[in-house]
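K.L.:
Right, I'll just put the structure down here and ask away after.
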Protein chains: 2
Amino acid sequence: MPPGMTLREFQRQIDATYGARDRARGVDGTFRRLVEEVGELARALRDGDPRTLEEETSDVLAWTVTVASLCGVDVERAAMRYANCPKCGATPCACPHGSS
Amino acid sequence: MPPGMTLREFQRQIDATYGARDRARGVDGTFRRLVEEVGELARALRDGDPRTLEEETSDVLAWTVTVASLCGVDVERAAMRYANCPKCGATPCACPHGSS
């Protein structure tokens, strides 16, 4: 994956690396792994080490994409929903304060 | 954002849309929002509606990227860690079964 990696390339690479094992594990066990990684990111935020934060971010992204693949979601298409704020349609978001 | 959106473009777009509000909220409140969205993804997995699954996936991705921005993580650089399995270095992953 060269610099400039698209979301679609990332999803394909994760599937090439782990897809067979992910499908064997199933969506519930895979979702649990995502939650584990969210917990590890919480810990990394508390500790504040930049390298660990980068690693835990990559783990959360990878497991999110894996869950997406298992339920048929194209992550690049999903991300396009955020081409502008999906609620107010603006960039920057103009939603009323307190709504987010 | 055209089709072929890179992870870096996605992070920049989220920052352009929400960055000022995210920085005002701070990392802990933003992380809480990520956890809320993970919960909504869990519910979407139970219900199985494809459109809701796509939406909740996009929300988890967006809030993950927001947390990353607030702690100085470049998500594209982070994702490059998964160019192959970060543990065994192979595609497909050749880690012993049971380790993941």
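K.L.:
Considering (1) open to solvent by less than 60 Å² (accessible area, probe 1.4 Å); (2) charged (D, E, K, R); (3) more than 7 Å from chain A (Cβ to nearest Cβ), say which one B:Arg43 fails and leave the rest.
P.N.:
All conditions are met except number (1).
K.L.:
I'm trying to understand the selection: among the residues of region A:80-92, which are without any contact (Cβ under 8 Å) to a residue 12 or more places away in the chain and more than 20 Å from A:Thr6 (Cα to Cα)?
P.N.:
A:Cys85, A:Pro86, A:Cys88, A:Gly89, A:Ala90, A:Thr91, A:Pro92
K.L.:
Could you tell me which of the residues B:Ser58, B:Ser100, B:Ser69 is small (Gly, Ala, Ser), at pLDDT below 95 and within 20 Å of A:Val38 (Cβ to Cβ)?
P.N.:
Within the list B:Ser58, B:Ser100, B:Ser69, the selection yields B:Ser100.
K.L.:
Among the candidates B:Ala16, B:Ala44, which residue alone is modelled with pLDDT of 95 or more and over 22 Å from A:Cys88 (Cα atoms)?
P.N.:
B:Ala44
K.L.:
Scan region A:24-39 and give yes if some residue there is without any contact (Cβ under 8 Å) to a residue 24 or more places away in the chain and closer than 26 Å to B:Thr17 by Cβ, otherwise no.
P.N.:
Taking every residue of region A:24-39 in turn, at least one turns out to be without any contact (Cβ under 8 Å) to a residue 24 or more places away in the chain and closer than 26 Å to B:Thr17 by Cβ.
K.L.:
Please count how many residues of region A:52-92 are of a type in the set (D, E, K, R) and more than 8 Å from chain B (Cβ to nearest Cβ).
P.N.:
Qualifying residue count for the region: 3.
K.L.:
Considering (1) under 29 Å from B:Arg25 (Cα atoms); (2) among the aliphatic types (A, V, I, L, M); (3) open to solvent by less than 30 Å² (accessible area, probe 1.4 Å), say which one A:Ala94 fails and leave the rest.
P.N.:
The number of the failed condition is (3).
K.L.:
Determine whether region A:60-79 contains at least one residue that is exposed (fewer than 15 other Cβ atoms within 10 Å of the Cβ), in contact with a helix residue (DSSP H, G or I) (Cβ under 8 Å, 6 or more places away or on another chain) and either without any contact (Cβ under 8 Å) to a residue 12 or more places away in the chain or within 23 Å of B:Ala16 (Cα to Cα) (or both).
P.N.:
Yes, the conditions are met somewhere in region A:60-79.
K.L.:
Evaluate the following for B:Cys88: is it open to solvent by less than 40 Å² (accessible area, probe 1.4 Å), touching a Cys at 6+ places or on another chain (Cβ under 8 Å) and among the hydrophobic types (A, V, I, L, M, F, W, C)?
P.N.:
no
K.L.:
Give, as residue ranges, the helices (runs of 4 or more DSSP H) completely inside region B:1-93 that count at least 3 residues that are among the polar types (S, T, N, Q) and more than 18 Å from the chain's Cα centre (by Cα).
P.N.:
So the answer is none; nothing clears 3.
The values are calculated or read from the model by the stated rules, or taken from the named source; none is laboratory data. A quick note: this is a predicted structure, and the numbers were derived from the prediction, not measured. All Cβ positions, even for glycine, are placed from backbone atoms using ideal geometry, and neighbour counts span all protein chains on display. Only protein heavy atoms, including side chains, enter the accessible area calculation; ligands, DNA and RNA are left aside. Shrake-Rupley method; radii C 1.70, N 1.55, O 1.52, S 1.80 Å.
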